[in-house]
Structure formats: structure tokens, C-alpha cells
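Structure record follows, encoded as C-alpha cells.
Throughout, read-outs are computed from the coordinates displayed, never taken from laboratory work. A quick note: this is a predicted structure, and the numbers were derived from the prediction, not measured. Please note: Cβ atoms are built from the backbone with ideal geometry, for glycine as well, and neighbour counts cover all protein chains shown.
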Amino acid sequence: MVIRKEHALALLKLREVEKGQFCRVKETEEAPFMELEMANLARMGKPLEYILTYWGEALVNVLKEMVEKGVISHPEKWDEEFRWVGSEVIAMIDSAVKNADIPGELTEKYLEERGFVEEKKIEKKGTFKVINDYARAVYDIFQNASPRLIVSKELHDYIKSIPSGPAESSMLKGEERLPLILESMRLIAFSVPSSDVYTFTALGCKVKEACELIPPALDVVISEDIMDTLAECFDSGIDELTEEEKEVLWALALVDDKGELLPPGEALLEVYRVWKDKEVLPVKTINVENIDAELLKGIEEVWKKHEDNPEVVPTVDELVHYLFYKPLKDYKHVMEHYGRRLYQDLGYQKKEEIKKKFSEVKTVEELFKSFYEKGNKWYVKLYDIVQESLYTMESFNLIESKDYNGKKVHYLTDWGKKALEDMKTRGFRRISSTAVKAITIKNRVFGAPNVDWYEEAVSAQLVGGGEPTVAGKLYEDAAYGIKRLPHITRFELQVLHKIPENGFFVDDLYEHFDETWHEEIEYAVNKLEARGYIDILPNRAIVLTEVGRLIKRALAGTPEGFANPITPLGVRVLDALRKVGTLYVKEQKVRVLPKNLKEAIKLSGLDEETFGEELLILKKANLVGKNSINEAGLLILEAFDKLN
């Protein structure tokens, strides 16, 4: 849905016509009326004759009232290119709706220009600018006005000629009106706040895939009628169709002479499914840090050594030896991670001293010994770094730890192998949550990545030439395909505890920590979003997801000091205990008989020692009692179920 000056004037013109009567327009003035029709705001009767739909009438009434009350100027006074409503405006309103109606600094000015903001005084909190009833009315109209889907031969060729995005909007070359038609049908969306980046939506991507296969043999290549006919052919057989309907399907190469689906038909049936079901996927993402990528390689290398020496397996200790006894120059790409951990422990005031030390030493072992010499603490610190990374990768289904002759060893999963292959091919690099979200945000119907998200994706080689690269598609598939296990570190939990239900922005987090911790906060926020605990909206608001609320509630009573209050292995232990225990609903507990512990160990896939260590952590974190999973532990399991 897009409303520029010409669309607003067209709506007002249709409203002036006597109720129930069609308005005849000139052929040279028809374009905005056609776009209104695609957005289900107007309906065409005879050629060049239009009437308002229910939702079109609702929208023009909102506009008229805003003009009459002086909230916004009359459309006659608007600039020609002024976008009163567009996908980026809907995204700004949506972000505010999810954030206690507060739009935030990034989008406030843009919504105010469109008459969608008012001041609201909240007792004890002060005065805020929030979206008004007009914004909510427009948002409601957008959600309920199901757009049309009609792709002409001309539009078919245009769709094939442009990248699927995310891409800079300057790449939308050619006929000026065609992008407006695409946006009216919700096949493309533009970025917040000023439409600098566009992307095909999830439905738009399906339409583009179909256009790549369907020959433009007719004036209309895709329409609701054609899709209905194809669905009937698929469900009931080709004999149920009229000769005219058969000719259409054959001309577009959708089915063969027996009515069997051809590749173009399969693609169009997928379009029909997404369009008909109004399928909307959640926006998921994933994160791989430099240290994670290096350890994926380490696991592979240690298993290769295992072929010559069966005693060598990728335990945590073996991976510490592999990673940190190599020359520092061989993996400078992980220096930033080591530096960040040292700043965290020693204080950011020692940043220059730590940077200087990097240039002096040859191995990370020497680096850490410089700061943690006493009591062999340096090795413990290195061990913790490796273990935390392994936990993170297991939480993202990149690796799996299993019992191997009484030892906890690590295996690459299929996803881990794919990620490692990508790193070998395109270079070891950080894959941020934001970079992956630049691709997956298309599933939000009106969502396109902000410019900085897009630039991160390009930098990480996930986007190139205006489309997801092979790597981009890999991490997009992983974001939706992995089996997730809850995990959170000590600092991530501190950050999570600072985030309220709504009305909160990324910049607000900085006020709760010393200014030297900004880098650490960004890292934690990136991880929390990748884990599915928070959603960072286009206006930089932070909103807790349902899973995030469960995790926060479950860990409300957890003592501080745990490096990893929840680990994926701990969740495996909880899940195994649940399977062998008995649920007591009134007590909100799962009781586990001691005799069933052996079965739980077996179900967890862990060795007995690791199972015991993780069980002890669960007890200290107040998730498990002496012989039961308590309410907090059950909340973690509920989060685990919802993640998958």
C-alpha cells in the first residue's frame, strides 16, 4: 500500500462521487487508480471506471478528518514524491505499536510529518511522543485490506530484470510506475526511515521465482483467477476445467496435456499457497563469531588427527591446545575477540596496554600469561573462552557434544560443516545477527533492512549485486533450519535483566552501564537477538520475545557469578529429566526418582561426568531441586519448546 499525492487526490475524487456510483477517469490519469485497486482500496467496474472499496473509504475518511482538523495539509499542497503511506511508514508504525506506541528518535520526525504523532503525558515518567489514533487506523486498514495479485506481461518482464534485494533503491530502474504497483501488491518493501533500501517480500520472492519460469505468453501472466484454475486442476484433475481454462494453463506452461504440474506450475502453486494462506514467518537470525569459526576448523582438524592417533579427540582441553598454541599471526581475525575478553576482565582503561602486548607476543598463550600468570589462571581463562564458544555453537546447532568412551567430545553437525565450508571458501569472518536479519526481515511483509543492516550484510558477503549470495542463502536457511538450544552468558543475562517489556531502545541500554562497556553491550545484544530472546526493530527499539520473557522470568532468582547460567548441555539434561520424571501440575514441578537418573543420562547423550557437572550448575542456578525440576526449570523447557 502506497499513498503519494496523486493517490490521495484520487481517493478524495472517488469519495466525492455519489455512494454506490462509479467514477469515470481519463486514461492519462488512470495510473494511481490502478495502484489503489492493487492495494484493495479501489475497485474497477468497467474500464476507466472506479469505486472505493470498504478499506479505501475507511482510509479516505481518516485522511479527510486529518485535513479538516489541521493535523496534515491538504494533499493538493503535498510535494509530488511525498509518501504519506508506504511500506516504510507501516514499518515505522508497527515498530511503535510493538514498543508501547513510542516511535523513537529514528522515526519520530518522519511520522510527525505525516500527522501520526501526538504528545502523551505519563505519570512519573514525563511527556513522550507516541503514535496517535490516525496512525493506528492506517495500520489497521493495512492489516485488513488484502491486496490484489495481478502480474501483466510488462510487469513480469520488469520483475525478472531487477534484483530481489536487499538492494539500494537506485537499482529499481525503468518504468516509474512499476515499483509502485509492486509495492501496492506488497511484493516489495522499503527501508526505514527514508526508503534507501528495498527488498522483495517473502511473497514477492515467490512471485519472482515463478516469473523466472513462466513464459510471458499472455497479457496477464499471474492472477487470482489463473491461480484458482491451477489449484482446481491440481485438486480435481484437468477434466474438470473448461477448454478456455485449459488453454490458459497450457499457454503459460503450467501443466502438461494430462494436467500434471510442470516446473512453472509448481512455482505458481507455491505463490498461491503463500498468497492464500497469508503466510508470515517470524524474522529469525543466527550469529557466528570469529572464535566460533576458528573452533569449527579446530574440531575438524582434531578429528583428522584422531585418524592417526585414536587417543586424540576434540575435547575442550584438546581444542584449547589446538587453538591457543598456534602462532598468533596465523589467526589475527580472532584478535578482536581476545581483546574484548581481556578488556572485560581487566577493565577498558587497560585497552592501550593490551593492544601493545598483542604486538609483542607470538602466541595467545603468551598473551594471556602476561595478564593471568598467577596460579595458572591464564589457562582457566582460555578454557572458559573455548567452552563458551562451544556452548554458543551447540545452541545454534553447529556442533553437538556426545559421550565418547566416557569423555565429552564435539562433532560438527551438517550445519556446522556448511558454515565451515563457507569460511574456508570466503574467508574466516564474523557473521552478525544483523547481517543475516538484513535478508530474513523480508518475512515481515512490509520489512526491509535499514541501511546499516544492509551494509553489514554486504561486508559479510551475505549480499552482493542486490541479492543474497550463496553464503547469504546458507545463513538464511540455517536461521530457520537449525534446532536451537537455550544458552545465555553472565553478561548477556545482565543485559537481558535491564530490558523491560517495551518502551525501550538500544541507546537506553548504554545508560545502565559504564561508557567503556558499549562494545560489550553491542556484542551481547547481537547474541540475544540471534538466540531469539529479543527483537531489534527498525526504529532501534528492543522488544522481548515470548522466549525472552520466559528466560528472563526463569533466571530472575539466579545468583550472579555464573559464566553461563544456562547452557545447551544443561537444557539437554533438563529435557532428559523431564522425559523420565512425573509432572505435578499444582506444584509446578517434575519429580525424578533417583533410580531413573541412569535413563536420563542415556537420553541426554552425555557422559556421566558431564551430566553430573551440568546438573550441579542447574541446581546452583535454582532450576533444579534435590529430586525435581522446579518452576524456573520448567520455564526454560517451555522456552526450548517454543524456540523449535
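Using 21 Å as the Cα-Cα cut-off, could you pick out the over-long pairs in LYS206/LYS278; LYS284/LYS442; LYS408/LYS598; LYS304/LYS598; LYS206/LYS418?
Distance filter (> 21 Å) returns LYS304/LYS598; LYS206/LYS418.
Within the P(r) computed for segment 297-416, what percentage of the Cα pairs occupies the region above 19 Å?
I get 51 percent for the Cα pairs in segment 297-416 exceeding 19 Å.
Stokes-Einstein D for segment 568-643 at 4 °C, 1.567 mPa s, Kirkwood Rh over Cα pairs, in µm²/s?
108 µm²/s
7 Å from Cα along Cα→Cβ at both GLU501 and LYS381: what's the point-to-point distance in nm?
Taking the two extended label points, one gets 4.3 nm.
Which value, in debye to the nearest 20, gives the size of the charge dipole of the chain about its Cα centre, when Lys and Arg are +1 and Asp and Glu are -1 at the Cβ?
With Lys and Arg at +1 and Asp and Glu at -1, about 2800 debye.
Over the alpha-carbon set of the chain, work out the extent along each principal axis and list the three values in angstrom, largest first.
87, 68, 59
Go through 336-342, 396-402 and give me the packing order, highest mean Cβ count within 10 Å leading.
396-402, 336-342
Output the pairs from LYS377/LYS407; LYS153/LYS246; LYS98/LYS297 with a Cα-Cα distance over 29 Å in this structure; if there are none, say none.
Pairs exceeding the cut-off: LYS98/LYS297.
Which lysines, on any chain, are close to LYS357 with Cα under 16 Å apart, when same-chain ones fewer than 8 places away are left out?
Filter leaves LYS329, LYS332, LYS369.
At 222 nm, what value in deg cm²/dmol follows for the chain if DSSP H runs of at least 4 each add -39500 (n - 2.57) and the sum is divided by all its residues, to the nearest 500? If you can, show how the numbers build up before the last one.
Working: 30 runs with 336 residues, N = 644.
The helix-only estimate for the chain comes to -16000 deg cm²/dmol at 222 nm.
What FRET efficiency, computed as 1/(1 + (r/R0)^6) with R0 = 35 Å and r the Cβ-Cβ distance, is obtained for VAL470 and GLU123, rounded to the nearest 0.05?
0.05
If only Cα atoms are counted, what is the Rg of segment 87-234, and what is its Dmax, in Å?
18.9, 66
Quick one: compute a quarter of the convex hull surface over the Cα atoms of segment 490-545 and quote it in nm².
If you wrap the Cα atoms of segment 490-545 in a convex hull and average its projections, you get 3.5 nm².
With N set to the number of residues, divide the alpha-carbon radius of gyration of segment 5-144 by 2.2 N^0.38 Å and report two decimals.
Working: Rg = 16.4 Å, N = 140, 2.2 N^0.38 = 14.4 Å.
Expressed relative to 2.2 N^0.38 Å, the Cα Rg reads 1.14.
Considering all alpha-carbon pairs of segment 151-277, what whole percent are spaced by more than 20 angstrom?
I get 43 percent for the Cα pairs in segment 151-277 exceeding 20 Å.
At VAL280 and ALA556, where each label point lies 7 Å from the Cα along Cα→Cβ, what is the point-to-point distance in nanometres?
2.9 nm
Quick one: work out Rg over Rh on the C-alpha atoms of segment 62-155, Rh as Kirkwood radius. Walk me through the numbers on the way to the answer.
Working: Rg = 15.3 Å, Rh = 14.7 Å.
Taking Rg over the Kirkwood Rh, I get 1.04.
Name the long-range amide H neighbours of TYR404: under 5 Å, sequence gap of 5 or more, or other chain; modelled H, no Pro or chain starts.
It is VAL409, by chain and number.
Picking from GLY557, VAL547, ASN309, whose Cα lies most toward the positive end of the charge dipole for the chain (charges on Cβ: Lys, Arg +1; Asp, Glu -1)?
Farthest towards the positive end: GLY557.
Stretch GLU65-LYS46 to full length: gain in nm at 0.36 nm per residue minus the Cα-Cα span?
Between GLU65 and LYS46, full extension yields an extra 3.8 nm.
Roughly what would the spin-label model give for TYR510 and ARG273, points 7 Å off Cα along C-beta, in nm?
Placing both labels 7 Å beyond Cα along the Cβ direction yields 4.6 nm.
Treat the count of other C-beta atoms within 10 Å as a stand-in for reagent exposure and order LEU577, LEU187, LEU241 from fewest to most. It would help to have the intermediate numbers written out before the result.
Numbers: LEU577 28, LEU187 24, LEU241 19.
With the fewest neighbours first, LEU577, LEU187, LEU241 line up as LEU241, LEU187, LEU577.
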